1. Since residue 200 meets every condition but one in (1) outside any loop (DSSP other than H, G, I, E, B); (2) hydrophobic (A, V, I, L, M, F, W, C); (3) surrounded by fewer than 19 Cβ atoms within 10 Å (Cβ to Cβ), which condition does it not meet?
2. Please go through the range 86-106 and give me each residue that is in contact with a Ser or Thr (Cβ under 8 Å, 6 or more places away or on another chain) and part of a loop (DSSP other than H, G, I, E, B), ordered by number.
3. Within the set of pairs 6+ apart or on separate chains, which have a first residue in the range 122-134 that is under 14 Å from residue 103 (Cβ atoms) and surrounded by 10 or more Cβ atoms within 10 Å (Cβ to Cβ), a second that is modelled with pLDDT of 70 or more and of a type in the set (Ser, Thr, Tyr), and C-beta atoms under 6 Å apart?
4. Quick check, is residue 189 touching a helix residue (DSSP H, G or I) at 6+ places or on another chain (Cβ under 7 Å), modelled with pLDDT under 95 and surrounded by 15 or more Cβ atoms within 10 Å (Cβ to Cβ)?
5. Looking only at residues that are touching a helix residue (DSSP H, G or I) at 6+ places or on another chain (Cβ under 7 Å), farther than 18 Å from residue 151 by Cβ and modelled with pLDDT of 85 or more in the range 66-84, which one is surrounded by the most Cβ atoms within 10 Å (Cβ to Cβ)?
6. Considering only residues of the range 147-179 that are at negative phi and among the polar types (S, T, N, Q), which is surrounded by the most Cβ atoms within 10 Å (Cβ to Cβ)?
Amino acid sequence: MPETTTQCSPLLAQFGEGGLGQTRRPDRWWLAPASVAVGLAAFAAYSTWAALSGENYTFSPYLSPFYSPNFHVPRIHVSPALLVLWAPLGFRLSCYYYRKAYYRALYLSPPACVVSEPVRDYRGEAGILRWLSIVHRWFLYASILVLSVLWLDALRAFDFNGHLGVGLGSVVLLLNAAALSFFTFGCHALRSAVGGNKRCFNCSALGHIRYRSWRAVSYLTSRHPFWAWASLYTVALADLYIRLLSMGVLHDPRVLL
């Protein structure tokens with residue numbers, strides 16, 4: 001039988017040579033990393049200011065998600081947000097999707113598929129970075145605890161001095177808790193923990209439950225990038241809304257039942 005060969009012209013990135021941005025891609029490949037860089041920078045700037053301000057973060061019965069759970073440590077005079085945000089911040093910084101996003105957008109490593117990055121030695125996630133995948137799971141567990149408190153805050157947002165009601169802030173906090181849940185429970189590490197490390201579900205204890213859990217997490221994992229961004233900005237918008245209420249800039253429409 002005669003041999004057949006197929007010729008193709010693959011798109012090649014000039015790794016380690018050619019300089020930044022060398023590619024044969026004809027599309028506007030730079031739009032994605034540029035928009036990610038702007039989005040991350042905008043959130044980082046706002047969240048840093050909001051966390052350090054230490055004021056205007058509550059408006060009864062609402063509490064900003066940046067400051068929840070809200071507690072104070074005696075003789076430690078810092079913004080309460082700094083005592084809480086280490087968990088969700090560590091969770092997002094070590095997230096598989098976010099690592100891809102900021103490696104490309106901020107470190108240009110690489111800026112996009114088949115696009116050359118700056119000339120430098122490639123070492124991968126070496127040194128302390130190799131522990132990111134391990135600590136990510138522990139940040140996940142801490143974030144689930146914080147998320148449970150955010151759900152309590154969302155439920156309390158329907159209690160207006162002992163009367164059941166619905167305010168715009170109630171809806172905002174409820175949507176924020178839902179978006180954070182879809183992001184958190186779509187985590188790749190959680191998918192592995194509930195069933196991704198099993199060869200046979202029927203051979204495992206509680207195999208049926210683990211299989212259904214794995215399917216549910218897998219569904220959310222397939223949409224992880226969307227919920228990563230949606231939840232990032234629902235947190236910021238919830239804080240901004242409550243902050244503007246506390247400052248007297250906005251009025252919260254409410255209906256008591």
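The values are calculated or read from the model by the stated rules, or taken from the named source; none is laboratory data. Predicted model, so just to flag it, every value in this text is computed and none were measured. Methodologically, a virtual Cβ is constructed for each residue, glycine included, from the backbone with ideal geometry; neighbour enumeration extends over all protein chains shown.
1. It fails just one condition, (1).
2. Hit for the range 86-106 is 94, nothing else.
3. 132/94
4. In short, yes.
5. Residue satisfying both the conditions and the ranking: 81.
6. 176
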